[in-house]
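The values are calculated or read from the model by the stated rules, or taken from the named source; none is laboratory data. All values reported here derive from a predicted model rather than from experimental measurement. Cβ atoms come from the backbone with ideal geometry, glycine included; neighbour counts cover every protein chain shown.
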Amino acid sequence: MQTVSNFVNGAVFQRFVIGVILFNAVILGLITTNVSPETLELLHLLDSICLTIFVAEIALKLVANRLDTFRDPWNVFDILVIGIALLPASGALSVLRALRVLRVMRLVTAVPSMRRVITGMFVAIPGGASVAAVLLVMYYVAAIVGVTLFRTDVPEHFGDLGTTFFTLFKMMTLEGWPDIAGQVIAKQPHSWIFFVVFIIFTTFTTLNLLFGIIVDAMEQAKEVDIREKMAANGIPMGDQSAEVRLAVMEGELKAIRLAMDKLASKA
């Protein structure tokens, strides 16, 4: 059992799985192109071989880790993706044929750096949801103001709430907003205030706040990954944050420096 576990978790096997995932991604792409029937049959055969390897990988993980396999959410994701690929892609389930491409997403579970990015994205969801709520309130207020002020003059952009929401989204992305603003300003010269205020509070403020939350989440995910690697090497780490650990280290260094100064003065 330990031999199987060492084999499954070994670097050689992991690199082999990554290679098969990349090869399978190329196969799935080629299947969608216009190829001869003979080539298409060969591609489907290669796809089946890749799927067989993936099933064997899952089986080895279950043998090595048993029920502990399901404690890792990435393993659960792999099992779901492979399970979908094994379902018959005919009749009412023919739509599942398009979901075969999910096997390419297994590259995220196999590459630690990609896995860390996805983990950081999930960590950023609570903070991102708060920013999104604030942004939605800004959109709603700006949409009502826009419809009230500009509906008569520029109905194609501010005719109703739905149209105005889409117009505001285009403005937030800075895609073509000068053309929209120019049409309105031509009829209402002082309307530039609305556009400038909206872009400052959404594009330059709220979105940058969202980016900051994502960067902070990535740093947290990186720290968790470092903790796991150190724990795997037998180096336990406390639950303190990096700032607290740095403060403790600075205190210890100061204490060492004072002790050395005392010894130097006595000498």
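Structural remarks
- The condition (being at pLDDT 85 or above, loosely packed, with under 13 Cβ neighbours inside 10 Å and of a type in the set (Val, Ile, Thr)) is satisfied by just one residue among 20, 12: 12.
- Filtered residues of the stretch 32-52 (kept if under 29 Å from the mean Cα position of the chain (by Cα) and crowded, with 16+ Cβ neighbours inside 10 Å): 47, 50, 51
- Checking each residue in the stretch 127-186 for being within 27 Å of residue 214 (Cα to Cα), in a loop (DSSP other than H, G, I, E, B) and hydrophobic (A, V, I, L, M, F, W, C) picks out only 174.
- On inspection, residue 21 qualifies as in a helix (DSSP H, G or I), of a type in the set (Val, Ile, Thr) and touching a residue at least 40 places away in the same chain (Cβ under 8 Å).
- Among the residues listed as 57, 41, the single one being among the acidic types (Asp, Glu) and either closer than 22 Å to residue 80 by Cα or touching an Asp or Glu at 6+ places or on another chain (Cβ under 8 Å) (or both): 57
- Taken together, the residues in the stretch 187-203 that are without any contact (Cβ under 8 Å) to a residue 60 or more places away in the chain, assigned to a helix (DSSP H, G or I) and surrounded by 12 or more Cβ atoms within 10 Å (Cβ to Cβ) amount to 7.
- Complete set of residues in the stretch 135-148 that are surrounded by 16 or more Cβ atoms within 10 Å (Cβ to Cβ) and of a type outside the set (Phe, Trp, Tyr): 135, 138, 142, 143, 146, 147
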